[in-house]
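Asks: One structure coming up, written as structure tokens, with questions to follow.
The values are calculated or read from the model by the stated rules, or taken from the named source; none is laboratory data. Computed from a predicted structure; not experimentally measured. When we count neighbours, we look across all protein chains shown, and the Cβ atoms used for this are built from the backbone with ideal geometry, even at glycine. Accessible surface is based on the protein model in full, side chains and every heavy atom, while ligands, DNA and RNA are left aside. Shrake-Rupley method; radii C 1.70, N 1.55, O 1.52, S 1.80 Å.
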Amino acid sequence: MTIEEALVVVDSILKPGYLNHVQELVLRQSWEGKTYPEMAASSAYDAEYIKNIGYHLWQSLSDKLGEKVTKSNFRSVLRRHKSFVVFPNQGVGGVVETAVSPSSELIEEVTNQPEVNYPASSQKYELVTAEKAWERGRAGEREIMVSGKVWQEQSLPTSYPFSLYSSSFYNVRQDWEKAIDVTDFYGRVGELAILQRWIVEEKCRLVGLLGMGGIGKTALSLKLAEKIAPNFEYLIWRSLSHAPPLTEILSHLLQFLLPQSVQIATVDEQIQVLIKFWEKHRCLVVLDGAEAILSSGDDGQQSTAGYYRKGYESYGNLFKRLGEECHQSCLLLTSREQPKELAFLVGKKVRSLQLKGLPYANAQELFKHPDNTLELENLWQEVIQIYQGNPLALKIAFTTIQDLFDGNVAEFLCQNTAVFGSIRDLLNQQFERLSLLEKEIMYWLATERETVSLQELQQNLQGNYSTSLLLEALESLKRRCLIETNFGYFTQQPVVKEYIKNRLLPTTVDREASISPESILKRLLQTKNTVINI
């Protein structure tokens, strides 16, 4: 059995086009008996990342086959399952299949692709065309038959100007730090296409990926980086969740990009050296969780969204320079709120995308589980609607439904509560960042069942705030992804409304069951000092 036959068997088990290029790298080199560190050394991927990819690949095969599949036994497992697969020319029921010849169109695409001008990388043309050929080959038309079903998948050309699976294909120098695994990734096809167009085709220099906590920004940034990596010479992914000072981030970047460089004294000099390098080399840097370096409303600093914590203002200078100055690289930021430079510089080379929840068709994939039959589809749709397709909130709710209600969705919905446990913690993190005026607006919006105009909101707040202050606060809440706008009217997501009410009621309920939450809220908010004490 050859490795090519083994890949056909894996396709038949998982599905054609399932494997990404890293997973196929692991399969091919595992077939050759290489260790994970050896794979990492030949591909420029981190060894732990390769090991993690392998672990999830063997787990996926184990789940599909109902038996334990490991790096050491997968060859024998695939040999046993080879008998269930019909290969090209092998024939079915005495009928000899015609071999699918390599596509002249595909060969032409590989050999005649216009060269992209990457000054410091003579192999970049090879990487770009290889990626296109690889994706078409994996999702294409090589004929296989499994359990009577035929897929069409085109064979890859037998020759290239380079080896498609050699280390040159994985020549991008990469540093993923402690990035999470994104093997289980659903939907986001449109968002991936938009971000890929901005970064690869339009060569945006600064891109923001924004959204509420749990909406999937980190997973999308990783999936995107993995997808577009062959278009770059260097790829670096870093988390800002522990709020590292800019000097630490810049030192890591320069040490990775310029390991022989001398120690650079100042932040400005570090930024200058970085930009000069990015002028000559195509680099992709992802900084995840930028909200950690932004100020909150209670820290005594600027109250609106997008400003920096004390001692972190130099990040703003970095973002501004990377967005304004000419270079051929890209910095991708993920954040729960929009840094002010993104808001001010948005244009041809600086973009931002606010991430919404998953649509129903993709969100329901989160609920697919061997013990869950999904027979009450309309009730699952109600759960998805409650959480507006937020992947993390849906996973938390799903676990609760499975563990506490034995999968009974109707019983969970009867509890009439959507905010609990980790979901409450998630919203607490964002709410505590708000200024006093932003909190007061959030309380008032929670009392309204319909959308509210600026004039109505100003009346509710008893006219104590100028229109300019209200506009600033509303714009800040929008940048924090906590309110929704519709033709000049404002509202909140259902879960946010419930959270706001629950936040007040435990400390203010006066044992009067007849009083509605809305009445309590409006009564409390007659005095602005109430907000301060909450």
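Asks: Quickly run through region 386-422 and pick out the residues that are part of a helix (DSSP H, G or I), modelled with pLDDT of 85 or more and closer than 22 Å to G211 by Cβ.
Replies: Result: I386, P391, L392, A393, L394, K395, I396, A397, F398, T399.
Asks: Any chance region 500-511 includes a residue that's within 37 Å of the chain's Cα centre (by Cα), basic (K, R) and at pLDDT 85 or above?
Replies: No: zero hits.
Asks: Out of the residues in region 184-202 that are open to solvent by 30 Å² or more (accessible area, probe 1.4 Å) and in a loop (DSSP other than H, G, I, E, B), state the one that is modelled with the lowest pLDDT. Reasoning before the result, please.
Replies: Applying the first criterion (open to solvent by 30 Å² or more (accessible area, probe 1.4 Å)) to region 184-202 yields 184-186, 189-191, 193-194, 196-197, 201-202.
Of the ones still in play, those that are also in a loop (DSSP other than H, G, I, E, B) are 184-186, 202.
Numbers: D184: 75, F185: 82, Y186: 78, E202: 92.
The extreme case among them is D184.
Asks: Next question. When you go through L222, L206, L274 one by one, which is the residue that is under 19 Å from the mean Cα position of the chain (by Cα) and crowded, with 22+ Cβ neighbours inside 10 Å? Lay out the reasoning, then the answer.
Replies: Numbers: L222 fails: crowded, with 22+ Cβ neighbours inside 10 Å; L274 fails: under 19 Å from the mean Cα position of the chain (by Cα).
Step by step, each of L222, L206, L274 is checked, and only L206 is under 19 Å from the mean Cα position of the chain (by Cα) and crowded, with 22+ Cβ neighbours inside 10 Å.
Asks: Next up: Any idea which of (1) under 24 Å from the mean Cα position of the chain (by Cα); (2) of a type in the set (S, T, N, Q); (3) modelled with pLDDT of 85 or more is the one Q429 doesn't satisfy?
Replies: Of the numbered conditions (1) under 24 Å from the mean Cα position of the chain (by Cα); (2) of a type in the set (S, T, N, Q); (3) modelled with pLDDT of 85 or more, the odd one out for Q429 is (3).
Asks: Among the candidates E269, E248, E279, E226, single out the residue that is assigned to a helix (DSSP H, G or I) and touching a residue at least 60 places away in the same chain (Cβ under 8 Å).
Replies: Numbers: E269 fails: touching a residue at least 60 places away in the same chain (Cβ under 8 Å); E248 fails: touching a residue at least 60 places away in the same chain (Cβ under 8 Å); E279 fails: touching a residue at least 60 places away in the same chain (Cβ under 8 Å).
Answer to the check: E226.
Asks: Inside region 229-245, can you point out the residues that are part of a loop (DSSP other than H, G, I, E, B), open to solvent by less than 30 Å² (accessible area, probe 1.4 Å) and either closer than 18 Å to R351 by Cβ or touching a residue at least 60 places away in the same chain (Cβ under 8 Å) (or both)? Don't jump to the end; show me each part of the working.
Replies: Of all residues in region 229-245, those part of a loop (DSSP other than H, G, I, E, B) come to 232-233, 240-245.
Then drop every residue that is not open to solvent by less than 30 Å² (accessible area, probe 1.4 Å), which leaves 232-233, 240, 243-244.
Passing the criteria: F232, E233, A243.
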